[in-house]
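Computed from the coordinates by the stated procedures, all read-outs in this text should not be read as laboratory data. Keep in mind that what you see is a predicted model, and the values were worked out from it rather than measured. Here the Cβ is made from the backbone with ideal geometry for all residues, glycine too, and neighbour counts use every protein chain on show.
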Amino acid sequence: MIQLIDSALLDEVGAEARRAPRGRKNRNFHPRDDYPAHRLLNAMEPGSYIAPHRHLDPTKDETMVVVRGTLGLLIFDDAGKVTFRQKVGGSGTAVGMDIGHGTWHTVLALETGTVFLEAKSGPYLPLEAAERAPWAPAEATPAAVEYLASLQRLFD
């Protein structure tokens, strides 16, 4: 089977993200969570918060390519200090990123309708405690709103 990644699909998954409570929506191309290769579109709206995290498993490097809109990529040190920031997609020079395992990171949508293609190895495994940044607020907490706003200001 062939799944074209076209404007109609990007419009559809983007609209789903705008309606979603978390402001983001995946469109998986892999058939199951235990599949060995995960390929998906991830639509994300401004205001959606992905807590900084890392993947410790050496097979869990992530590749992301922005196909619409603009992401802000942030890399952190072990204490939570931003060590790298980059606009990805849009009119920036970078169109994607490859993030090695063990790297503290997050991305945030800098414009509405942002969609990126993500690829990483499966199976899907929830983050373990050691993979969650102890210095970052958890998703859906009051502190997360202020923290996300501080991250967004880094791209103003």
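A few points about this structure:
- Global form of region 7-153, assessed from the alpha-carbon gyration tensor, a/c cut-off 1.5: rounded
- In terms of its alpha-carbon gyration tensor, region 1-85 comes out oblate; a/c meets the 1.5 threshold, while b/c is at least as large as a/b.
- Taking a Cβ cut-off of under 11 Å around residue 121, the surrounding Lys, Arg, Asp and Glu residues balance to a net charge of 0, with basic ones at +1 and acidic ones at -1.
- Bridge type composition, region 1-144 - antiparallel percent by DSSP, nearest 5: 95 percent
- For region 56-156, applying the loop criterion from DSSP together with a ceiling of 15 other beta carbons within 10 Å to the chymotrypsin sites (Phe, Trp or Tyr not before Pro) yields 124, 135, 155.
- The chain: relative contact order in percent, alpha carbon pairs under 8 Å with at least 6 residues between: 29 percent
- Loop trypsin sites (Lys or Arg not before Pro), region 41-82, which have at most 10 other Cβ atoms in a 10 Å radius of their Cβ (DSSP): 81
- When the Cα positions of 9, 127, 30 are compared along the charge dipole of the chain, 9 comes out farthest toward the positive end, with charges on each C-beta of Lys, Arg, Asp and Glu.
- Among the GluC sites (Glu not before Pro) in region 88-133, those located in a DSSP loop and surrounded by at most 12 other Cβ atoms within 10 Å of their own Cβ are 128.
- Over all Cα atoms in region 95-144, the spread is summed up by Rg and Dmax: 13.3, 33 Å.
- The charge dipole of the chain, taken about the Cα centre with unit charges on the Cβ atoms of Lys, Arg (+1) and Asp, Glu (-1), comes to about 220 debye, rounded to the nearest 20.
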